[in-house]
Amino acid sequence: MRRQMTKLILAVLVPWFVTTALAQVPMRGFQIVDSTITVSLLTCSPGQEVYELYGHTALRVQWKEAAGDTIAPRETVYNYGVFDFNQPHFTWHFTLGECDYIVAEAPLEYFLYEYAYRGSSVTEQVLDLQPSEARRLLQMQDSLVRPENRIYRYDIFRNNCTTKARDIIEACINGEVIYPIRPRRNTYRTILKQFTKGHEWAREGSDILLGAAADTLLTERGEQFAPIYLMQYFDSAFVDRGRTAYSPLVKERRELLPINAERQLLSAAEQTDFPLSPRTLWWLMLGLGLLIGIVEIVRRRVCWPVDAVLMTAQGLAGCLVLFMTLCSQHPTVATNWQVWVLNPLPLFFVYAVVKADRRRKRSIYHIPFAVWYVTFIALYVFLPQDFSALILPLALLLLSRALVHLIIYRRL
């Protein structure tokens, strides 16, 4: 309990500290020795909480400032992954894909403290930038953390903490960054699945909400929304500054903070996931539904509470999927073929179906929906989407319910 309270306090206070405590640091006068500016990409490995599963990216900048006859070393970490818990209607805006994130800066020791607590590693890639490029980046970052500039519209795939760091690095380079070509490319969904391994409920949640666009093959640049992927691309990237002047983008890689396996295991052990995986649970539910159906056919009587619960749950889940498909600005949630099974239509028929069940009468609901589910199952492998593992057993369960009704009322 004490550890959970500590996590809650960190989750609330760390973003607040990052955005407010450093406001007391005086603005730099840019009396900087250009040759001393060093820019590094910081990559944090994933943690065990849901919001930690994909890792994190930040920029570290070190320089020396001349003040009279003395030269003082300075450094800061620029963090694009801060959001304001106190933003009005935060959850609603996040659901709609209209969540604003904040660019903030903090001392390296505070940045490392948070990831040391999680047990995550922090890897530093020192970039091989020219003095003018490094100075330009520092000036741009100093402008971006100002109150009038620090808020940006977050996009999990195209405008997140990782892509923002990459984009500002590229914008400051006098040339073009050349990334290695990968023979095997991923989709958004396959990358997310890599980082949700062992977190089955988080994986299925994202699989249900993501549409067909999440299964399009990505370019090398598209894969770089994930922190670990950007780090790997940077390792092999070159800068083309013209006149065949190619140089590696990264001149040194070092580990600032090693991974703490013991703390990671402890955090994983504290997760309170449902004991059964979604896939196992839904196949068990399908088996239970078939067993109930057999009993109903033998007794020639439908168990109406099963229909009431199943149709209500299906309709409510369908409302969420349809809402995300039509209203959310999150990328890749549109064109979600899973709305074929998860849709609000059963909510309009649940009363009539239950009423007919209790009176032992036919309902017009079952024939068209049996055809509906048969068509979906027949086209399942041909549709251009990688479906959640829950969809097929759910479709089979719903089809079985329709068939049970047709068999029973045909005999009556």
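For percent of Cα pairs over 33 Å apart, pick the label among (i) 65; (ii) 29; (iii) 46 that corresponds to the value derived from the coordinates.
(iii)
From the Cα gyration tensor of region 282-322, with a ≥ b ≥ c the square roots of its eigenvalues, which class applies: rounded if a/c is under 1.5, or else prolate if a/b is larger than b/c, or else oblate?
oblate
With only Lys, Arg, Asp and Glu charged, each at its Cβ (+1 for the first two, -1 for the last two), find how big the charge dipole of the chain is about the Cα centre; round to the nearest 20 debye.
Roughly 2300 debye for the chain.
Ignoring ligands, DNA and RNA, please state the percent of accessible area on the chain from carbon and sulfur, probe 1.4 Å.
Working: 13100 of 21180 Å².
Ligands and nucleic acids excluded, carbon and sulfur give 62 percent.
From the square roots a ≥ b ≥ c of the eigenvalues of the alpha-carbon gyration tensor of region 274-358, which class results: rounded (a/c under 1.5), prolate (a/b over b/c), or oblate? Please list the in-between numbers first.
Values: a/c = 3.25, a/b = 1.58, b/c = 2.06.
Judged from the Cα gyration tensor, region 274-358 comes out oblate (a/c at least 1.5, b/c at or above a/b).
List the aspartates and glutamates whose Cα sits under 12 Å from the Cα of K64, skipping any in the same chain fewer than 8 residues away.
Cross-link targets: D34, E75.
With an 8 Å Cα cut-off and a minimum separation of 6 or more residues, compute the relative contact order for region 225-270 in percent.
That works out to 23 percent.
Let me have the relative contact order for the chain, percent, based on Cα pairs under 8 Å that are six or more residues apart.
Working: 638 pairs, mean separation 69.9, N = 412.
Averaging sequence separation for qualifying contacts and normalising by length gives 17 percent for the chain.
May I ask you to list the GluC sites (Glu not before Pro) in region 107-188 that are in a DSSP loop and have at most 13 other Cβ atoms within 10 Å of their Cβ?
Within region 107-188, the qualifying GluC sites (Glu not before Pro) (loop, at most 13 other Cβ atoms within 10 Å) are E148.
For region 292-412, report the accessible area per residue in Å² (1.4 Å probe, heavy atoms, rounded to an integer).
Averaged over the residues of region 292-412, the accessible area is 52 Å².
Straight-line reach only, C-alpha to C-alpha below 23 angstrom: list the lysines that K193 could link to, leaving out same-chain residues fewer than 8 apart.
K164
In the neighborhood of F157, defined by Cβ-to-Cβ distances under 12 Å, what is the net charge if each Lys or Arg adds +1 and each Asp or Glu adds -1? Please list the in-between numbers first.
Details: positive: R158, R189, R221; negative: D155, E223.
Once positives and negatives cancel, what remains is +1.
Highest mean first, how do 317-327, 394-404 rank when packing is the count of other Cβ atoms within 10 Å averaged over residues? Show your work: numbers first, answer last.
Numbers: 317-327: 16.3, 394-404: 20.6.
Ranking the peptides 317-327, 394-404 by packing returns 394-404, 317-327.
Taking the highest mean first, how do the peptides 222-234, 157-169, 283-295 order by number of other beta carbon atoms within 10 angstrom per residue?
222-234, 157-169, 283-295
Express the accessible area of region 150-218 per residue in Å², computed with a 1.4 Å probe while the remaining protein chains stay in the model.
Details: 3150 Å² over 69 residues.
Counting only protein heavy atoms, the per-residue value for region 150-218 is 46 Å².
In debye to the nearest 20, how big a dipole does region 184-274 give about its Cα centre with +1 on each Lys and Arg Cβ and -1 on each Asp and Glu Cβ?
520 debye
Tell me, what is the percent relative contact order of region 135-253, built from C-alpha pairs under 8 Å that lie six or more residues apart?
30 percent
The values are calculated or read from the model by the stated rules, or taken from the named source; none is laboratory data. No experiment lies behind these values; they were computed from the predicted model shown. We place every Cβ from the backbone using ideal geometry, glycine too, and count neighbours over all the protein chains shown. Ligands, DNA and RNA are excluded from the accessible area calculation, which covers all protein heavy atoms including side chains. Shrake-Rupley method; radii C 1.70, N 1.55, O 1.52, S 1.80 Å.
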